[in-house]
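The values are calculated or read from the model by the stated rules, or taken from the named source; none is laboratory data. Keep in mind the model is a prediction, meaning the values are calculated, not measured. With ideal geometry, Cβ positions are generated from the backbone for all residues, glycine too; neighbour counts draw on all protein chains shown. Side chains are part of the model used for accessible areas, which takes the heavy atoms of the whole protein and leaves out ligands, DNA and RNA. Shrake-Rupley method; radii C 1.70, N 1.55, O 1.52, S 1.80 Å.
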Amino acid sequence: MDKLSRRDMLRAGGTLGAFGALSIATPAEARVWTWSPSGSVVGTGAGLDPRWVWDPEADTLVASLIDRGEVPRVNTLLRTWTKNGQPLPAGLPADLKAFMEKARQLPAWADRGKIAAAADFNNRRGLYTGVLYGFASGMMSTVIPKEARAVYYSQGGADMKDRISKTAKLGYDIGTRNAYDADGEMIVTCVKTRLAHAAVRHLLPKSPHWQGAADEDIPISQADMMVTWHSLPTTVMKNLVAWKVPMPAADSAAFLHTWQLAAYMLGIKEEYIPASWAEANSQAKQVLDPVLAPTPEGIKLANILLELGATIDAGLLTKRVLGSLTRFMLGDEIAGWLSIPRYPLWDGLLNTFWGPFIAVREGVLKVFPGADSTYWLFDEVLRKVLLAYLSGAQKISIEIPLTNNPN
Ligand code: HEM
């Protein structure tokens, strides 16, 4: 059977598609969603297939703001809104203000104890999580076809360095001590990102480049959101576990909780947000693993990421080092898709000494079995990657895009 695109399915299925009733044989990317809402943070839900659910409230509102020509004024006003507890700026359109007042509220299941535990976890583990968000999650996003295409053809695709800083803002904010407190910034960042995603849903379908490359009508469905979510906390946790970083249950539960809240604040419906790591891993297996694949757009984005390191630290963060790190963190298959060559020296160092390096850093092992210079080199790599990823992130304001990538 010819590959049925999502666009074809929508056409063929009409409104049926909207209720997830399509169950014909489909390619991996379009497999029916069977993950049950009973595993979600609220334990219940309508069970609609999230490939056909977007964010109607935000999408209708932002489409209208764009059509009314209000976005430039709104972006200017929102630059002054930076803290979670800060009142919204005066002068926002009434419909946007009403939406944002609601969207900035944490859900009833937000747990202040876990939020405080996460602040402590991030304080101790921020170096690892920061590097993993920036690098493992960042590189993984290039092999999530729908995300790679959406990023490449949207406004931000024209300036990847700026886009990375903007995305890093969320990775930075979620790891701060006061992420969800009144003087923190994570809620602001999530609400602004929710608006930016709504704009992309309105704008991207109009891009002639994207129309030719993507097999979907409206990007960033709820299913896509969860796929990308797994490239963040699920992938980070997988690496921390693989590195044998000591992980008490309270730490991992707290880390998960901050990401459950992030999902909610980004507009993901509660019924799709996993309640536990067991549920998260089972959902990732179903929705992330089967969709990973190379695309021309993703390969170009990966190359930009691999080359960006050298513009920030020409000495250490060469394409070679970052290529080896990608292979080490994401495996041979993904490295192969991205045409990353094998670098025997760095691949060998990482495979042999990264485990002991973490063990010594964590006090689990007393003596590092390799040369001291290798230990310090790894320490430096961690710090430099974190710096490269976060440079400029703090001061960024996420804006509602008005155009697509013109190139
Ligand atoms: C924008 C995070 C899911 C595509 C952004 C921004 C952040 C962000 C922080 C603002 C940065 C910027 O404006 O460049 C996230 C998180 C996600 C998620 C945490 C899931 C948990 C997705 C998915 C797609 C996507 C699933 C596509 C399939 C985009 C695009 C932009 C954007 C195209 C706008 C870039 C522009 O300004 O042109 N996202 N995102 N995102 N995101 Fe996401």
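Some observations on this one:
- Scanning the stretch 132-174 for residues that are hydrophobic (A, V, I, L, M, F, W, C), in contact with a helix residue (DSSP H, G or I) (Cβ under 9 Å, 6 or more places away or on another chain) and either at pLDDT below 90 or near the ligand (Cβ under 8 Å from one of its atoms) (or both) yields a count of 8.
- Gly309 at positive phi and open to solvent by less than 40 Å² (accessible area, probe 1.4 Å): no
- The number of residues in the stretch 277-306 that are among the polar types (S, T, N, Q) and in contact (Cβ under 8 Å) with a residue 60 or more places away in the chain comes to 4.
- Wholly enclosed helices (runs of 4 or more DSSP H) of the stretch 307-407 bearing at least 3 residues in contact (Cβ under 8 Å) with a residue 24 or more places away in the chain and either more than 16 Å from the ligand (Cβ to nearest atom) or charged (D, E, K, R) (or both): 319-330, 344-361, 372-390
- Residues in the stretch 312-325 that are of a type outside the set (A, V, I, L, M, F, W, C) and closer than 18 Å to Leu387 by Cβ were compared, and the one that is surrounded by the fewest Cβ atoms within 10 Å (Cβ to Cβ) is Gly315.
- Pairs, first farther than 15 Å from Thr189 by Cα in the stretch 70-88, second part of a loop (DSSP other than H, G, I, E, B) and modelled with pLDDT under 95, C-beta under 6 Å, six or more apart: Val71/Leu402
- Close contacts from the stretch 167-178, counting a first residue that is among the basic types (Lys, Arg) and a second that is within 8 Å of the ligand (Cβ to nearest atom) and open to solvent by less than 10 Å² (accessible area, probe 1.4 Å), with Cβ to Cβ under 6 Å and a gap of 6+ residues or different chains, come to Lys169/Thr189.
- In the condition set (1) touching a residue at least 40 places away in the same chain (Cβ under 8 Å); (2) part of a helix (DSSP H, G or I); (3) open to solvent by less than 30 Å² (accessible area, probe 1.4 Å), Glu147 is compliant with all but (3).
- Residues satisfying the stated conditions in the stretch 224-251, i.e. closer than 13 Å to Tyr128 by Cβ and either among the β-branched types (Val, Ile, Thr) or open to solvent by 20 Å² or more (accessible area, probe 1.4 Å) (or both): Thr235, Val236, Lys238, Val241, Ala242, Lys244, Val245, Pro246, Met247
- Any pair with Cβ under 8 angstrom, 6 or more apart, that starts in the stretch 220-246 at a residue that is touching a residue at least 60 places away in the same chain (Cβ under 8 Å) and small (Gly, Ala, Ser) and ends at one that is open to solvent by 20 Å² or more (accessible area, probe 1.4 Å) and more than 12 Å from the ligand (Cβ to nearest atom): Ala223/Trp33
- Within the stretch 197-214, the set of residues being open to solvent by less than 30 Å² (accessible area, probe 1.4 Å) and either closer than 10 Å to Pro401 by Cα or of a type in the set (A, V, I, L, M) (or both) comprises Ala198, Ala199, Val200, Leu203, Leu204, Ala214.
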